[in-house]
1. Which number in (1) in a strand (DSSP E or B); (2) touching a helix residue (DSSP H, G or I) at 6+ places or on another chain (Cβ under 8 Å) marks the one condition that Gly132 misses?
2. How many residues does region 114-129 contain that are over 16 Å from His223 (Cα atoms) and in a loop (DSSP other than H, G, I, E, B)?
3. Scan Tyr130, Tyr193 and give me the residue that is assigned by TED's automatic domain parsing to the domain that holds His215, buried (at least 21 other Cβ atoms within 10 Å of the Cβ) and either free of Cβ contacts under 8 Å to residues at least 60 places away in the same chain or of a type in the set (Ser, Thr, Tyr) (or both).
4. Looking only at residues in region 26-53 that are among the hydroxyl-bearing types (Ser, Thr, Tyr) and at pLDDT 90 or above, which one is nearest to Arg94 (Cα to Cα)?
5. For region 147-172, which residues satisfy the criterion of being modelled with pLDDT under 95 and among the acidic types (Asp, Glu)?
6. When the residues of region 79-113 are filtered to those that are among the basic types (Lys, Arg) and outside any loop (DSSP other than H, G, I, E, B), which remaining residue is surrounded by the most Cβ atoms within 10 Å (Cβ to Cβ)?
7. Kindly evaluate Ser176 against the criterion of being among the hydroxyl-bearing types (Ser, Thr, Tyr), more than 20 Å from Ala101 (Cα to Cα) and either within 19 Å of the chain's Cα centre (by Cα) or not in a strand (DSSP E or B) (or both).
Amino acid sequence: MHLVIDIGNTLVKAALFKESKMKEVKVYNSVNELTNDPAFYRQAHRCFVGSVTDDIHYTADILSDFKGLDFFSPGRPMPIKNLYKTPETLGSDRIAAAIGAYSLYPQNNVLVVDAGTCLKFNFTNKNAEYLGGAISPGLQMRFKALQHFTDKLPLINFDNNFNKLIGQTTEESILSGVINGIVQETDGIINEYKKLYPDLTIVITGGDADFLAKHLKNSIFAHPHLVLTGLNEILKYNS
């Protein structure tokens, strides 16, 4: 078996794969926490890491005892053609999510909505060409930005059950603005893609995927581990 690790801005996700089959998934708060779980990671004989942080050297040091340790890099061969104009700036999570989705829906126009720390859109056409997408603030980032960049607005905790349009208190107004805003933004962007690609397949992933999927008007497929799946596909393609 081999271990695939996705180091995000908030969490570290790791999965054990046997070929294309995901055997086990775990989520950690840090790489250190992962390395304190040897019963999990020592089942693997190879390790492939994708990271959106700048702590690659630190991560490499912590994981140095892994045999077959390898890191994602923009220049390595991919199972889809990357047409992004600045591939060196493209996050491993974005291209991996696109590859993961395309492996599930080959020969389709596939739009991935990744609802995590950031809200990301990644598009791959039916010819297996990754074209790019969009990045905007995720749910928690929007709440934190309102508090950080104003003098009087409080930091509001996300309420999964909130469903009002008209906020009648400052807390409700923030909840309405953030929640309805991100839902309308996501549906709106999907609709714009569907004008260009009527046969579009839409896949959602990320920490806030379940919440967002319940509120979208568009029909979508939910896959919680697209990035890990995509990293595994890259590893397999380079084996």
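The values are calculated or read from the model by the stated rules, or taken from the named source; none is laboratory data. Every value quoted in this text rests on a predicted model; they were computed, and no experiment measured them. Counting neighbours? That spans all protein chains shown, and the Cβs are built from the backbone with ideal geometry, glycine included.
1. Answer for Gly132: the failing condition is (2).
2. The total comes to 5.
3. Every option except Tyr130 fails the conditions.
4. Among those residues, the one meeting the criterion is Ser51.
5. Passing the criteria: only Asp159.
6. My answer is Arg94.
7. Here the answer is yes, as Ser176 does meet what is asked.
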